[in-house]
Each structure stands twice: as C-alpha cells, then as structure tokens.
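Data block below; observations after.
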Amino acid sequence: MGFRLIIGNKARDFKFSTPWGNEKTFYEAGGNQLVILIFLRYWGCPICRMEMTRIKNEFDLIIRKGAQLFVVLQSAPETVASEINKDDFPFTIICDPEGRIFQLYGVEPGGLIRYLHPAGLVAAGVAIVKGFRHGKFEGKETQLPAAFVIRDNKLIQYAHYGRNIADMPALSEMINSI
C-alpha cells in the first residue's frame, strides 16, 4: 500500500502524458498556481464519465479561483483519444495505465466490499440512467478515487481518499477548503 498524503505534506512531482501526447512534469504543468488533482478509475467507467461531466459543468468554480485541474485515469492514452477530443474537457486528463501516479499518491484499490458498496451501485445506476454507458475495462476495477487541493507552494491543502468507487467530494467542497 502506498503512503497516503495528508494536509501539509508536499505534493509529489511526476512525469505524465495526456491522451494527445503532451509529456510534462506535474510541477511544470501546475506552475505556481493552485491545483486540484483528482484521481478517478478509468474512462470506460460510467461513474467516472458522469463525474468528469459534472466537473466540466462546474468548471467556472475553478476559473474563479485561478486554479488548474488535472484528472488522473488508469486508461491508456489511445483509449481516451479514440473516444473524446482534446477540447471536450476544460481540464488536463492524465493517463496512468501502469498506476504509478496512483501509487505515488497512495490512491489504492478498495477490495470487493468497497467496490460493491451500495453508494457505488446507486451511482452506477444513476450514471447509466443519465446515459453514461460502460466502455472498455482498464486498470484495477476496484480502484478507489481521491482528490487533492495543492497550494502554489506545492503543499497539500485538502486531501480526500474515497471510501467506495463513487465517494468523491463536490468541487465546491474542494474549492471552499482554500
């Protein structure tokens, strides 16, 4: 199990690629701005697709804070690039099919009990009813989500590790932690 980060820890730097091949380091991409770093499961997950759409619809909260947002997925870059365009989301999508960034931040799978948690099952049903269909399975199916707010000095201001596959705080909660 990876080492979980808590408020006051320094955010860890890493190299990443987007589905469109832009390789950078996290520190370089974030610059000296407030950063929100969200870990979801993978592009084919209906809950994750719904969550990314929700974030997109609330993105004005990020803009008002002058922040940047990054979403880390277990998906391969070619999977994401084959289904969406670069401009479909106003934030950076990071592909981590090997799970190294997940591990670096201590974002672990939750096992079958957390995967089958009633809240996750309800969220999956809601996502499907809203039209978010399941796509390709990738990564660890029981992967849990997480969210971090990182100050311009690279220190963690807010940390949330999901207790089930749908346990993600509202964007407003993350922004209000600042």
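Structure notes:
- The distance linking region 103-178 with region 21-47 is 14 Å (Cα centroid to Cα centroid, whole angstrom).
- Net charge, VAL149 excluded, C-beta distance under 14 Å - Lys, Arg +1, Asp, Glu -1: +2
- Mean sequence separation of contacting Cα pairs (under 8 Å, at least six apart), scaled by the length of the chain, corresponds to a relative contact order of 33 percent.
- Fewest-first sequence of GLU173, GLU28, GLU108 by Cβ atoms within 10 Å of each Cβ: GLU28, GLU173, GLU108
- Greater than 19 Å apart at Cα, pairs in LYS24/LYS86; LYS15/LYS56; LYS56/LYS130; LYS10/LYS86; LYS65/LYS130: LYS15/LYS56; LYS10/LYS86; LYS65/LYS130
- Entry note, the chain: the mean residue ellipticity at 222 nm calculated from DSSP H runs of n ≥ 4, each adding -39500 (n - 2.57), is -8500 deg cm²/dmol after division by the residues and rounding to the nearest 500.
- Pairs of C-alpha atoms in the chain farther apart than 19 Å represent 54 percent of all such pairs.
- Most positive-pole-ward Cα, ALA81, GLY44, ILE63, against dipole of the chain from beta carbon charges: ILE63
- Around ALA123: net Lys/Arg minus Asp/Glu count, Cβ-Cβ under 14 Å: +4
- Summed residue charge, Cβ within 10 Å of PRO90's Cβ, Lys/Arg positive, Asp/Glu negative: -2
- Cross-link partners of LYS136 among aspartates and glutamates, defined as those whose alpha carbon lies under 14 angstrom from its own and excluding same-chain residues fewer than eight positions apart: GLU78, GLU83.
Each reported figure results from applying straightforward, stated rules to the coordinates on display, with no laboratory input. These numbers were taken from a predicted model, which means no experiment stands behind them. Neighbour counts are summed over all protein chains in view; Cβ atoms, including those assigned to glycine, are modelled from backbone coordinates with ideal geometry.
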